[in-house]
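The values are calculated or read from the model by the stated rules, or taken from the named source; none is laboratory data. Because the structure is predicted, anything quoted here is derived from the model rather than measured. Cβ: placed from backbone, ideal geometry, glycine included. Neighbour counts: every protein chain shown. All accessible areas refer to the heavy atoms of the entire protein, side chains included, with ligands and DNA or RNA removed. Shrake-Rupley method; radii C 1.70, N 1.55, O 1.52, S 1.80 Å.
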Amino acid sequence: MCGIAGEFRFDQQVPDLNFASVANSLQASRGPDASGIFAQNNQLFAHRRLKIMDLSSEAQQPMVDMSLGLGIVFNGAIYNYREIRKRLIDQGYHFFSDVDTEVVLKAYHAWGKKCLDRFNGMFAFAIWRIDGSQLFLARDRLGIKPCYYVQNHQFFRFASFLPTLLHSAQVSHELDPIALQFYLNFHAVVPAPSTLFKDIRKLPPGHWLEVDDNGGVQQGCWWQVNYERTQDHEVQSVDDWQMMLQETLLQSVRRRNVAAVDVGVLLSGGVDSSLLVALLAEVKGSDIQTFSVGFDSVGNEAGDEFQYSDIVARQFGTTHHRWRVSEQELLNTLPQAIKAMAEPMVSHDCIGFYLLAQEVVKHCHAVQSGQGADEIFAGYHWYPPLLDAKEAYPHYRQAFFDRDFSEYKETVSAAWFVDNDDAGDWVKAHFAEAGAPQPLDKALRLDTTVMLVEDPVKRVDNMTMAHGLEARVPFLDHELVELVAKMPSAMKIQQGDGKWLLKRLARQWLPSEVIDRPKGYFPVPALKYLKGTVLNQIIEALQQPQAKQRALFNPSYLNRLYQDPGAHITPLRGSKLWQLGLLELWLQAQGI
């Protein structure tokens, strides 16, 4: 788990060494254990290293193999690298390290782009030819690891952390009005390849990109999930599906326990993280560390779920750590958490993960986390109505979008208004693509491959890596995702309740009070019900000179939100004022 960056020039100029220095500085938290820079001719690469899979110096990056004529900077983890390494040795390759990075490099030499199909893991990496003729980038199937880039007529640059690319006079800070519409309407989701900035792109999940020394770019998709089912899928028994699910989940948890350091679990007390504890106990036995965080309550809304996480910790005898964060500590830490976001993310639990990671890293440097279960097993409230729906779009939009198009018109100022519902049209087009025949399948595919990437997964990656903590997500093992995509809808939803088969499996280990309780969310009430100091911080940010000069939002709309923030809550239970204020706070934190 690391931070990577690079510059590949095609204008006959020397790469900017200052860019590498800035990259390693801004991405230091992603790799606090070591750093390195490689520069030669038209190429420059920077790396920050977090030692998880191999603690030796042989695993240092950037890694260059002169015999192959290739170099690599790698961020992530390949869980099946030992099997691939053995295959490569059988083909005559020799290794100087025992690390997954070298396996990726030699696998690319052996099989080219097809090497990607062999990897089980999370990753973003860049491989270059030493002669300076070509640069190759790839991102994992489900976008667990980030990859941002910018290209002009002079150079191609990439980085793990978007703000890294903003630290250059050659990269414009101009915002994209269409991306702003996505941010405001589609719950802060700006789908790849777009970002909020016109000049900056992100490599979509499951894609590769190749740049040559003339500035030519090719891009391709190397993985997609397919929800089309055969008759064999439909007739398999519940017990058969459960057995396949159990075996695949256990394998996923077992893979993500591979490390040279202890691997703990982020335990919220929900069924997903609780099941991970149970499965890790099956794989590992004892000596499991679990971690929970809670916040002050506001009114009748509780700020923690300790009663449930305590049950699981006691049952499996884990070494359990829990922290309660005061409102004052939350306020003090909020600016740091916002600055650590690669892109502005409105979900309240960003601050929760940030503060939790800050404590967890004092005890271990890698954890398993439950992100993805709701998206692949249909755990959210907008999925059950889709079972009998004729069309997915109306139900999905009503449940997920933060505002309709008429309210969007009121939200933005005239200079930023886009007179077309681009976000809505984009979702309609995604639903119309082949490979997801039923309304429920369409929503699950969109959430698994887009929303999940741009919200829960990005949130966890950003907030944990802000403290040099590696988060692994077993529910996003691609073999598990592919298996569950083929499950009949009845295996996911029954009697209006999602994650049906997953809960059925969980009953082998977990008590009913953990499984059958109402679905919980990471509770941070102070950011939902804005008042007092938090409210003042938001209003102050929106009234700063930079904000007034940008003039993103309609003043009359802002005044309406100021007067009664609690009356303006999104369908996903977020504050609309928080959404607008967060964007300004984030831009100002980046010096924009």
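Suppose a student asked you for the relative contact order of the stretch 142-204, using Cα pairs under 8 Å spaced at least 6 residues apart; what percent would you report?
Result for the stretch 142-204 is 34 percent.
Among 35-42, 545-552, 64-71, what's the highest-first ranking by average C-beta atoms within 10 angstrom per residue?
35-42, 64-71, 545-552
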For the stretch 107-249, take the convex hull of the Cα atoms, compute a quarter of its surface area, and give me that in nm², please.
12.2 nm²
Would you list Asp240, Asp461, Asp388, Asp419 from the most to the least accessible area, probe 1.4 Å?
Asp388, Asp419, Asp240, Asp461
Taking the alpha-carbon centroid of each part, what is the distance from the stretch 241-297 to the stretch 409-486 in angstrom?
24 Å
Over the stretch 536-592, what percent of the accessible surface lies on carbon and sulfur atoms, probe 1.4 Å?
46 percent
Write down the accessible area per residue of the chain in Å², having rolled a 1.4 Å probe over the full set of protein chains.
36 Å²
Using a 10 Å cut-off on Cβ atoms, rank the peptides 312-321, 171-180 from the highest mean neighbour count down.
312-321, 171-180
Take the Cα gyration tensor of the stretch 409-467, multiply each eigenvalue by 5, square-root it, and list the three semi-axes largest first, rounded to whole angstrom.
25, 24, 7
Descending semi-axes in Å of the stretch 94-155, equivalent ellipsoid built from Cα gyration tensor
21, 17, 10
By what distance, in whole Å, do the Cα atoms of the stretch 482-592 stretch along each of the three principal axes, largest value first?
57, 31, 24
So what does the Cα-only Debye profile of the stretch 58-126 read at q = 0.14, 0.15, 0.16, 0.23 Å⁻¹, as log10 I(q)/I(0), no solvent term?
-0.34, -0.40, -0.46, -1.04
Over all Cα pairs of the stretch 308-412, the Kirkwood radius sets Rh, and Rg/Rh then becomes 1.06
Tell me what the chain gives for mean residue ellipticity at 222 nm when only DSSP H runs of n ≥ 4 count, each as -39,500 (n - 2.57), the sum divided by the residue total, rounded to 500 deg cm²/dmol.
-11000 deg cm²/dmol
Treating each Cα of the chain as an identical point scatterer and ignoring solvent, apply the Debye formula and state log10 I(q)/I(0) at q = 0.08, 0.11 Å⁻¹.
-0.54, -1.07
Interatomic Cα distance distribution for the stretch 302-363, bins of 10 angstrom, percent
18, 45, 28, 8
Determine the share of the stretch 1-110's accessible area contributed by carbon and sulfur atoms, expressed in whole percent, with a 1.4 angstrom probe.
48 percent
The stretch 261-349: radius of gyration and largest Cα-Cα distance (Dmax), Å
15.1, 41
Taking the stretch 291-449, how many lysine pairs are there with alpha carbons less than 26 Å apart, if each pair must be eight or more places apart or span two chains?
5
How many lysine pairs in the stretch 99-225, separated by 8 or more positions in sequence or lying on different chains, have Cα atoms less than 21 Å apart?
6
